[in-house]
Amino acid sequence: MATQTAAAVDPAPIKNSNAKLQEAISGWGFMLPAFLILFVFMILPLFVAGYFSLTDWNGRRPLTNPDAFEMVGMENYQTLLLSGRRVDDFYNALKNTVYYVAGVVPAQTAIALVLAVIVNQRWLKGRGFFRTAFYFPSITSSIVVSMIFLFLFSNTGPVNGALRAIFPSYQDVSWLTDNNGLVHNFFGLFGMTARNAPAFLTDTEIFRISLWDWISGPSVAMFTIMMLAIWTTIGTMMVVYLAALQNIPSQVYEAAAVDGATQTQIFRRITLPLLRPTTFFVVTLGLIGTFQVFDQVYMLRDEQTRESTMTVAYLVYDTAFNLADPRMGLAAATALTLFAIIFVATIVQRRLVGGDRPADE
Amino acid sequence: MRKVFVLALALVMAIGMSGLVAAQDAVTLQVWTGSSSDAENAAKEAQIAAFEEANPNIDVELLISPDYGTQIQASFASGDYPDVFTVGQFEFPSLLDSGVLASGEGYIENPEGVYPSLLSAFSSEGTAYCVPKDFSTLALFYNTDLFDAAGVEYPTADWTWEDMYAAAEAIANSDAVADGVTGFSAGADRNRWLGLLYANGADIAGEDGLSTVNSPEAVAAIEFYSSFVANGVGARPSDLEGSGWNGEAFGRGLAAMTIEGNWAIGYLQNDFPELNWAVAETPVSPSGERGTLTFTECWAVGANSEHPEEAWALVNFLTGEEGALTVATSGFGVMPARPSAAQAWLDTRGQEFEPFVSGADYAVAPVFPLGYGDFTTAFDEGTNAVLAGEQTPQEFLDEVAEIWNEITAENM
C-alpha cells in the first residue's frame with residue numbers, strides 16, 4: 001500500500017527502489033530481535049541436536065578436545081527405535097506419554113469450555129472472583145503446585161484423610177507410588193490379573209513389551225500427575241475460550257432465540273461450531289504441552305515409579321544427565337523423535353478438527 | 001594542561017603496573033561442589049576460608065550449586081570447568097573416561113592414610129585421580145523396644161543371616177507387637193541388598209569379564225533379602241503405610257530392623273526422638289563373611305587447570321589429616337575418609353555408632369564399570385520385580401547376567 005502511494009507521488013524509478021529498500025531495512029530491523037532470539041535459542045539448537053544425535057558424545061567430554069565424539073550415523077535411532085536394549089525403555093515412555101496426552105487433553109479442553117461458559121453467564125454473581133480463582137493455578141509456578149500436590153496426595157495426606165472420612169471402608173491409595181495401571185485395576189475388579197490374563201495378551205510382545213502391558217492404562221502415580229496437569233492448565237484454556245465466547249455476536253443468539261431454539265440446541269448448533277478455531281488452538285497447545293511433559297514428572301516421580309511415570313521428555317533428560325553413564329547423542333535422538341511425533345500428531349489433529357477453516361463454512 | 005596529561009598517564013600506568021604485580025602472585029582457583037545441608041555447606045565454606053587464610057597468595061572462588069550434576073556437566077562439555085570439584089563414586093568412571101580428571105600421581109599427600117577401599121573407588125590401574133573426603137556405610141538398625149516386646153535377643157557379634165531371619169519372624173508373629181508392624185524393612189534398592197551379595201562371596205563379574213551375578217551365592221543373597229517380604233515377616237517401605245524409604249518406616253516404628261547408612265542417624269534423632277534403637281554390624285553370611293556397601297565422594301583437580309600445584313594444595317588441605325578431623329567434628333552424618341579421624345567422629349556422634357566405622361574394613365563401593373548402564377537399569381527393575389513377587393531371584397539374575405554378557409561381548 002505504502003509503495004503504491006510513493007510510486008504515485010513520485011514515479012522516478014530510483015526513488016522507488018530506495019523506498020523499497022528502506023522499507024525492507026526497517027521491516028527486517030523490526031524483526032531482527034525476535035528473529036535472533038528464535039534463531040539462537042530455537043532453530044540453532046534444533047540443528048545442533050540433530051547433529052549430536054548422529055554422534056556418540058556423552059555430554060561430558062569437553063568439546064574443545066578433538067576426540068570428544070565420533071560420528072555413528074543412525075546408530076542412536078537404531079538403538080532407540082528398533083533393536084537396542086533401550087527399545088523397551090523408549091516404547092514404555094511413549095506408551096506412558098500417549099496415555100497421558102489422551103487423558104489430559106480431552107479433559108482439560110472439556111473442563112475449560114464448561115468453566116468458560118459458566119463464568120460467561122450474566123446471572124453469575126462474583127464472576128470476577130471465579131475467573132481469578134480458576135485462572136490462579138495457571139499463573140502459579142508448576143514447581144510450587146507440584147509440592148502442594150506432593151503434600152495433598154501423600155499417604156498420610158489430606159486426600160486420603162478426606163476419603164477415609166467420607167467412606168469408612170476406604171483403603172488408603174498410594175497416589176504417588178502405585179505402579180498399577182488403571183485399566184489393569186479395572187480388569188482386576190473382574191478378577192483378571194497378569195497371572196490369568198489370556199495368553200495372547202501376556203505372550204505377544206511388541207517392542208519387548210507384552211500386549212498386556214501395552215493396555216495397562218496410566219499407572220495410579222501417573223494418574224495423579226495427570227490430575228495435577230489438568231488442574232494447572234484449565235485456567236489458561238478457560239481464558240482462551242472466554243475471549244472467544246465474548247467474540248460471538250449477540251445477534252446470532254437473538255436470532256436463534258427468535259427461531260425458538262432451546263438452550264441445548266443453541267450450545268450445540270451455535271456456540272460449539274463458532275468456537276471451532278478456538279478448540280483447534282486449545283487442543284494444539286494442549287497436545288504440544290502434554291507431549292513435552294517434564295517438570296510435573298520431575299517433581300512428583302519417585303524411584304519406585306521409575307518405569308510407570310517415565311515420559312519421553314523425561315527419558316531425554318534421564319539419558320542426557322545420567323550420573324553414571326550419560327549419553328547425549330542418544331538423548332538428542334530421543335528428543336528429535338519426540339519432535340517428529342508431535343509434528344505428526346499436530347497435523348493429524350489439524351485434519352480432524354480443521355482449525356484453519358472458518359467454523360461455519 | 002600538558003603536565004596534567006602526563007601526570008594522569010603516569011598514574012594510569014602506575015595503577016596498571018601494580019595490578020600486574022598483584023596478578024602475578026595471586027592465583028585464583030575455581031572450586032565447585034554440590035549443595036547439601038546448611039550445616040555441611042557452612043562447614044565447607046569455613047574450610048575454604050581457613051585455606052585462604054593459610055595461603056594468602058591463593059584466592060578461592062567457591063560455588064556451592066543446588067543443581068550440581070547438571071551444572072558441572074555443562075561446564076565439562078564447554079571445556080571451561082573448575083580447577084577443583086567434588087566427584088561421586090557413581091560418576092567417577094565416566095568422568096575419568098571423559099578426560100577431565102587430573103592424575104594425582106605425585107601430588108596426593110599421604111594416600112596410605114586413606115581407607116584403601118575408598119581410594120580404590122577413585123583409582124584406575126593403580127593411579128588415584130581423586131581424594132576421598134568422606135564416606136558412609138550400611139549397618140543393621142534395630143528397634144530395641146520391639147525386640148524387648150517380642151522377647152528377642154539383640155543382635156550379637158556372631159549373628160548370622162538365619163539369626164536375623166528368626167528374629168524378624170519372631171517379632172512379626174509376636175502377639176505383643178502391634179498388627180502392621182513387621183520384622184524388617186527391605187528397600188527395593190540395589191544399594192541396600194548388594195552388600196549381602198558381596199558378603200556371601202559373590203560378585204557381579206569375574207576376571208574374564210563374564211557375569212557371575214547368577215552364581216548360587218548371589219542367588220542366595222537376593223533370596224534371603226526378598227524372603228522377608230515373600231514370607232510376610234518383612235515388607236518394602238512403600239507397603240509400610242507408604243513410607244518413602246527404610247529410614248521412615250523404621251523411624252515410625254513399623255519395622256523392627258532395616259539396613260541403612262549413617263545418614264539415617266541424624267534423621268532418626270531429629271524426626272523420631274522418642275524411638276529407642278541401636279545399630280549392629282550386618283549379619284554374617286552362610287559363607288562366614290560380613291558385607292556392606294560404601295558411598296563416598298572425593299575432591300578432584302580438573303585436567304585443564306592452569307594452577308595444578310595450588311589446586312592439589314587445596315585438595316590436600318581439604319582431605320588431609322586435618323581436613324578429615326574437620327569432617328569428623330563438624331557433626332553432619334558422613335564419616336571422615338581417614339582412619340586417623342575415626343575416633344574423633346565417634347566422639348562427636350557417639351561411640352555406639354562404631355558398626356559404621358568397622359564396616360569400612362570390608363565395605364565394597366557398588367560401582368559398575370562404564371558402559372553397563374543398561375545392566376544397571378535392568379538390575380534395578382529386576383530388584384523391584386523380585387521384591388514385588390513378580391519374578392523369582394533366579395530368573396532375575398539369569399536375565400541380568402545375560403545382559404551383562406551381551407554388553408561385554410559388544411565391547412570386545
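The values are calculated or read from the model by the stated rules, or taken from the named source; none is laboratory data. Keep in mind the model is a prediction, meaning the values are calculated, not measured. No Cβ is skipped: glycine too gets one built from the backbone with ideal geometry, and neighbour counts run over all protein chains shown. Please note that ligands, DNA and RNA were not included when accessible areas were found on the heavy atoms of the full protein model with its side chains. Shrake-Rupley method; radii C 1.70, N 1.55, O 1.52, S 1.80 Å.
Screening residue A:323 with (1) modelled with pLDDT under 90; (2) assigned to a helix (DSSP H, G or I) gives one miss only, at (2). Got at least one residue in the stretch B:121-131 being among the acidic types (Asp, Glu) and part of a helix (DSSP H, G or I)? Checked against the condition, which is being among the acidic types (Asp, Glu) and part of a helix (DSSP H, G or I), the stretch B:121-131 yields no hits at all. When residues in the stretch A:145-161 are screened for being closer than 17 Å to residue A:227 by Cα, part of a helix (DSSP H, G or I) and out of contact with any Asp or Glu (no Cβ under 8 Å at 6 or more places or on another chain), 9 of them pass. In the stretch B:75-91, the qualifying residues are those that are of a type outside the set (Gly, Ala, Ser), within 28 Å of residue B:325 (Cβ to Cβ) and at the interface with chain A (Cβ under 9 Å from one of its Cβ atoms), and the one that is most open to solvent (accessible area, probe 1.4 Å) is B:90.
Quick check on the stretch A:166-177. Is at least one of its residues part of a helix (DSSP H, G or I), in contact (Cβ under 8 Å) with a residue 24 or more places away in the chain, open to solvent by less than 80 Å² (accessible area, probe 1.4 Å) and at negative phi? Scanning the stretch A:166-177, I find no residue that is part of a helix (DSSP H, G or I), in contact (Cβ under 8 Å) with a residue 24 or more places away in the chain, open to solvent by less than 80 Å² (accessible area, probe 1.4 Å) and at negative phi, so the answer is no. Taking the stretch B:229-271 as the range and being assigned to a helix (DSSP H, G or I), open to solvent by 10 Å² or more (accessible area, probe 1.4 Å) and among the polar types (S, T, N, Q) as the test, the residues that pass are B:238, B:269, B:270. Among residues of the stretch B:169-198 that are farther than 17 Å from residue B:240 by Cβ, those with a beta-carbon under 6 Å from a residue that is part of a helix (DSSP H, G or I) and of a type in the set (S, T, N, Q) at least six positions away or on a different chain give the pairs B:190/B:383. If the condition is being surrounded by fewer than 12 Cβ atoms within 10 Å (Cβ to Cβ) and either free of Cβ contacts under 8 Å to residues at least 40 places away in the same chain or not in a helix (DSSP H, G or I) (or both), then the stretch A:123-144 contributes A:123, A:125, A:126, A:128, A:129, A:141, A:144.
Is it fair to say residue A:120 is closer than 30 Å to residue B:371 by Cβ, touching a helix residue (DSSP H, G or I) at 6+ places or on another chain (Cβ under 9 Å) and in contact (Cβ under 8 Å) with a residue 40 or more places away in the chain? Criteria not met by residue A:120. Residues that are among the small types (Gly, Ala, Ser) and within 22 Å of residue B:291 (Cβ to Cβ) were ranked within the stretch B:342-362; the one that is surrounded by the most Cβ atoms within 10 Å (Cβ to Cβ) is B:359. Contact annotation: residue pairs with Cβ atoms under 6 Å, 6 or more positions apart or on different chains, pairing a residue in the stretch B:59-79 that is farther than 19 Å from residue A:60 by Cα with a partner that is polar (S, T, N, Q) and in a helix (DSSP H, G or I), are B:64/B:41. With respect to (1) within 14 Å of chain A (Cβ to nearest Cβ); (2) without any contact (Cβ under 8 Å) to a residue 12 or more places away in the chain, the lone exception for residue B:49 is condition (1). Among the residues that make up the stretch B:98-105, is at least one of them among the small types (Gly, Ala, Ser), buried (at least 22 other Cβ atoms within 10 Å of the Cβ), touching a Ser or Thr at 6+ places or on another chain (Cβ under 8 Å) and part of a loop (DSSP other than H, G, I, E, B)? Within the stretch B:98-105 (the criterion being among the small types (Gly, Ala, Ser), buried (at least 22 other Cβ atoms within 10 Å of the Cβ), touching a Ser or Thr at 6+ places or on another chain (Cβ under 8 Å) and part of a loop (DSSP other than H, G, I, E, B)), the answer is yes, since at least one residue qualifies. Total residues in the stretch B:394-412 satisfying the condition of being away from chain A (no Cβ under 11 Å) and open to solvent by 20 Å² or more (accessible area, probe 1.4 Å): the figure is 8. When the stretch B:193-217 is filtered for residues that are assigned to a helix (DSSP H, G or I) and open to solvent by less than 30 Å² (accessible area, probe 1.4 Å), the ones remaining, listed by number, are B:193, B:194, B:195, B:196, B:197, B:199.
Looking across B:124, B:98, B:120, B:103, one residue alone is within 14 Å of another protein chain (Cβ to nearest Cβ) and over 22 Å from residue B:47 (Cα atoms). It is B:98. Scanning the stretch B:152-180 for residues that are farther than 14 Å from residue B:279 by Cα and either touching a helix residue (DSSP H, G or I) at 6+ places or on another chain (Cβ under 8 Å) or of a type in the set (Phe, Trp, Tyr) (or both) turns up B:152, B:161, B:165, B:167, B:168, B:170, B:171, B:174, B:176, B:177. Report yes if residue B:157 is touching a residue at least 24 places away in the same chain (Cβ under 8 Å), outside any loop (DSSP other than H, G, I, E, B) and of a type in the set (Gly, Ala, Ser), otherwise no. It is false that residue B:157 is touching a residue at least 24 places away in the same chain (Cβ under 8 Å), outside any loop (DSSP other than H, G, I, E, B) and of a type in the set (Gly, Ala, Ser).
Inside the stretch A:303-333, residues that are facing chain B (nearest Cβ under 7 Å) and open to solvent by less than 10 Å² (accessible area, probe 1.4 Å) make up a count of 1. Contact annotation: residue pairs with Cβ atoms under 7 Å, 6 or more positions apart or on different chains, pairing a residue in the stretch A:64-91 that is within 14 Å of chain B (Cβ to nearest Cβ) with a partner that is surrounded by 14 or more Cβ atoms within 10 Å (Cβ to Cβ) and among the aromatic types (Phe, Trp, Tyr), are A:68/A:57; A:69/A:57; A:80/A:90; A:87/A:207; A:88/A:207.
Scoring residue B:149 on the criteria (1) out of contact with any Lys or Arg (no Cβ under 9 Å at 6 or more places or on another chain); (2) away from chain A (no Cβ under 14 Å); (3) within 24 Å of residue B:330 (Cβ to Cβ) leaves a single failure, condition (3). When the residues of the stretch A:178-198 are filtered to those that are modelled with pLDDT under 80 and small (Gly, Ala, Ser), the one that is least open to solvent (accessible area, probe 1.4 Å) is A:197.
Of all the residues in the stretch B:300-319, those that are open to solvent by 10 Å² or more (accessible area, probe 1.4 Å) and in contact (Cβ under 8 Å) with a residue 24 or more places away in the chain number 10. Taking the stretch A:188-277 as the region of interest, the helices (runs of 4 or more DSSP H) fully inside it that hold 2 or more residues being of a type in the set (A, V, I, L, M) are A:199-203, A:220-247, A:250-258.
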